[in-house]
2 protein chains.
Amino acid sequence: MTGSLSIAGLGPGDAALVTPEVSAALACATDVLGYAPYVARVPAREGVRLHPSDNRMELQRAGEALRLAAEGRDVVMVSSGDPGVFAMAAAVFEALESAPQWREVSIRVLPGITAMLAAAARAGAPLGHDFCAINLSDNLKPWPTIEKRLRLAAEADFAIAIYNPRSASRPDGFARALEILKEAGCGARTIIFAHAVTTPKERIEILSLQEARAEMVDMATLVIIGNSATRRVGRWVYAPRRAS
Amino acid sequence: MTGSLSIAGLGPGDAALVTPEVSAALACATDVLGYAPYVARVPAREGVRLHPSDNRMELQRAGEALRLAAEGRDVVMVSSGDPGVFAMAAAVFEALESAPQWREVSIRVLPGITAMLAAAARAGAPLGHDFCAINLSDNLKPWPTIEKRLRLAAEADFAIAIYNPRSASRPDGFARALEILKEAGCGARTIIFAHAVTTPKERIEILSLQEARAEMVDMATLVIIGNSATRRVGRWVYAPRRAS
């Protein structure tokens, strides 16, 4: 019995950003697993079993996907954005490491448009120069590690993409992140708030970091902080290719 | 006369990774501009004028695209990967800033699968935790800036994606980058060389940074260096979601 597991990225929301590779995998899947709002984005079709699950069930969901694939089913695990960026791919490999009986399952990772690329495209080209991506959730890492990375990212003059800036259970981290960046001399930098990017609720805000307030973001917001050379032209923001 | 300019990402090579949004823009373009090897990837069609150009002609190409759009043509500027990551979008906004007569041109940026996401997917999930992306070309920035960023990225324990690691005109930078990372204590880290990812010439190599040699890479190589917690399971490499 040879099943398969494809770990696929659905992109940020717009169906026009789902790659043909991912659409093809979904078209021949027997089972689709994922966080419920992402499974809800999969086109309905006869013959496919949908397995929506709650948030924070990543390892359990990963194990279930591997088990189904080992039974011979063609499984697609869906993530928003790219599955390899703060999403399900790492959880699947963690589950695989703890369960040698599944090592023979055929696995593929199918990339997707991650939120920072869609957000950057809407704003212009703020990631056109060296940049970093930081997940602000401290569910799985200590908060001091996040603070250290923010300070070093500022010192390196990276543009900074921030994923998961704020949730109901983590109301204070983003305010603290703004403070750290101001202390690091980034107050005059451009900050972009991309809310629900490429969905009907999309809203893009561009301001200076010192004008930003934590209440401006939630879990549907992708934040990009420009580097020190970032410029504006008309409604666009971009990082010049030439740096000092 | 209302033309348009779409700055579009073709992804890393495989046509199955071109988004439907980009395919739709190409299907109604009157003109396609870009570096010749990328223009060669655009499906042939009657009624479209192809304008391939040499490398390092970015600003001139950007100005030409804006001029054609201002004349009323529907122009697509193509980049490999994502147009906002070390590619043409920043050059277009630079050209726009220097040419106020084109400020009314309708511009869109259409994201694409950037090389590091495709490379990460092939290797597993090495970018599943915080990471940075550094362009190793010093054509447009001083080499000491690159060295500083590599040191700070190591100190921050970011996974590191390196674009443009080595070219005929820059034979020595990547060897120096490896030295810096070894000095920073990263010798035991996992390094991934993704050559020509998603093309028929694809080749993925995974080794430790101390085993890596500069001759292993060229301009078609995307390099990913894992963070200190990066693990291997079977043929896969991943960054655990949990960090200390």
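Couple of notes before you dig in:
- Annotation note: Cβ proximity below 6 Å between a residue of segment B:165-177 that is more than 16 Å from B:Ile225 (Cα to Cα) and a residue that is open to solvent by 80 Å² or more (accessible area, probe 1.4 Å) (sequence gap 6+ or interchain) occurs for B:Ser167/B:Met219.
- Just one of the numbered conditions (1) under 21 Å from the mean Cα position of the chain (by Cα); (2) open to solvent by less than 20 Å² (accessible area, probe 1.4 Å) is not true of A:Arg166: (2).
- Candidates A:Arg45, A:Arg56 - the one that is open to solvent by 10 Å² or more (accessible area, probe 1.4 Å), within 14 Å of chain B (Cβ to nearest Cβ) and assigned to a loop (DSSP other than H, G, I, E, B): A:Arg56
- Some residue of segment A:175-193 being at the interface with another protein chain (Cβ under 9 Å from one of its Cβ atoms), aromatic (Phe, Trp, Tyr) and within 30 Å of A:Thr19 (Cα to Cα): no
- Scanning segment B:80-128 for residues that are assigned to a loop (DSSP other than H, G, I, E, B) and farther than 22 Å from A:Ile113 by Cα, we see that the one that is nearest to the other protein chains (Cβ to nearest Cβ) is B:Arg103.
- Taken together, the residues in segment B:153-163 that are open to solvent by 10 Å² or more (accessible area, probe 1.4 Å) and facing chain A (nearest Cβ under 7 Å) amount to 1.
- Filter pass, B:Ser6 being under 29 Å from A:Ala8 (Cα atoms) and touching a Phe, Trp or Tyr at 6+ places or on another chain (Cβ under 6 Å): no
- Any hit, segment B:226-239, residues being under 18 Å from the mean Cα position of the chain (by Cα) and within 14 Å of chain A (Cβ to nearest Cβ): no
- Summed over segment A:102-139, residues that are under 18 Å from the mean Cα position of the chain (by Cα), surrounded by fewer than 24 Cβ atoms within 10 Å (Cβ to Cβ) and free of Cβ contacts under 8 Å to residues at least 12 places away in the same chain total 0.
- Hits in segment A:74-101 - residues which are free of Cβ contacts under 8 Å to residues at least 24 places away in the same chain and buried (at least 24 other Cβ atoms within 10 Å of the Cβ): A:Ala90, A:Phe93
- Residues being over 15 Å from the mean Cα position of the chain (by Cα) and either touching a residue at least 60 places away in the same chain (Cβ under 8 Å) or facing chain B (nearest Cβ under 8 Å) (or both) - total across segment A:9-25: 8
- In segment B:172-201, residue modelled with the lowest pLDDT [restricted to those that are open to solvent by 60 Å² or more (accessible area, probe 1.4 Å) and either at positive phi or touching a helix residue (DSSP H, G or I) at 6+ places or on another chain (Cβ under 9 Å) (or both)]: B:Asp172
The values are calculated or read from the model by the stated rules, or taken from the named source; none is laboratory data. Since this is a predicted model, take the numbers as computed values, not measurements. Please note: Cβ atoms are built from the backbone with ideal geometry, for glycine as well, and neighbour counts cover all protein chains shown. Areas reflect the complete protein model, heavy atoms only, side chains present, ligands, DNA and RNA absent. Shrake-Rupley method; radii C 1.70, N 1.55, O 1.52, S 1.80 Å.
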